[in-house]
1. Per residue of the range 60-70, in order, report the coupling 6.51 cos²θ - 1.76 cosθ + 1.60 (Karplus, θ = phi - 60°) as ³J(HN,Hα) in whole Hz, putting x for Gly and Pro.
2. What list of ³J(HN,Hα) values in whole Hz, one per residue of the range 71-77 in order, does the Karplus curve 6.51 cos²θ - 1.76 cosθ + 1.60 (θ = phi - 60°) give from phi, with Gly and Pro shown as x?
3. Give or take rounding to whole Å, what are the principal axis extents of the alpha carbon atoms in the range 2-66, in descending order?
4. What does the accessible area of Phe21 come to, in Å² to the nearest 10, when a probe of 1.4 Å is used?
5. Spelling out what I want: for every residue of the range 45-58, take phi, set θ = phi - 60°, compute 6.51 cos²θ - 1.76 cosθ + 1.60 (Karplus), and round to whole Hz; glycine and proline get x.
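The values are calculated or read from the model by the stated rules, or taken from the named source; none is laboratory data. These numbers come from a predicted model, not from an experiment. With ligands, DNA and RNA removed, areas are computed over all heavy atoms of the protein, side chains included. Shrake-Rupley method; radii C 1.70, N 1.55, O 1.52, S 1.80 Å.
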Amino acid sequence: MFNDIGPLELVTIIVLAVLVFGPDKLPKVIQDVMRTIRKIREFSESAKQDIRQELGPEFKDFEFEDLNPKTFIRKQLDNEDLGLKEIRNGFDLKKEMAEVTDAVHSRDHESSSSSGPSGSSGGRIDMTKKPEEPGKDDRPPFDADAT
């Protein structure tokens, strides 16, 4: 229930409780809080039982935790009927990344060696080629709306 409370936060809560309620009333307040938490748990369990009874025997194994989207997806992906485990096990990410890296490095070497002085690389577009700079006499077009 309080999994994300650290030790420093717990000590702070205890000190604040002692300051607010006082050391003489603190045990009574703790008993009241625990009684309230127990009643809430009992109420939620009885509500779950009522819902299970109303749903009928088809849903006797129904768990309310399955309504959480993460739990639902995890349960469906672990299902053996879909055959996803074989796909997941057959996919080796390190191997795929190594193949992609090799392909990229070999493509860089091919494009630098195959492009001759004419600049043609067998139908490929050379993305490393810089655009031609305009001559000193050539002015860029004037756009009156841009100024």
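1. Karplus values, whole Hz, x for Gly and Pro: 5, 9, 5, 10, 5, 5, 5, 6, 5, x, 5.
2. 5, 4, 5, 4, 5, 6, 6
3. Cα extents, longest axis first: 53, 25, 11 Å.
4. 90
5. Couplings: 5, 5, 5, 4, 4, 4, 5, 4, 5, 6, 5, x, x, 5 Hz.
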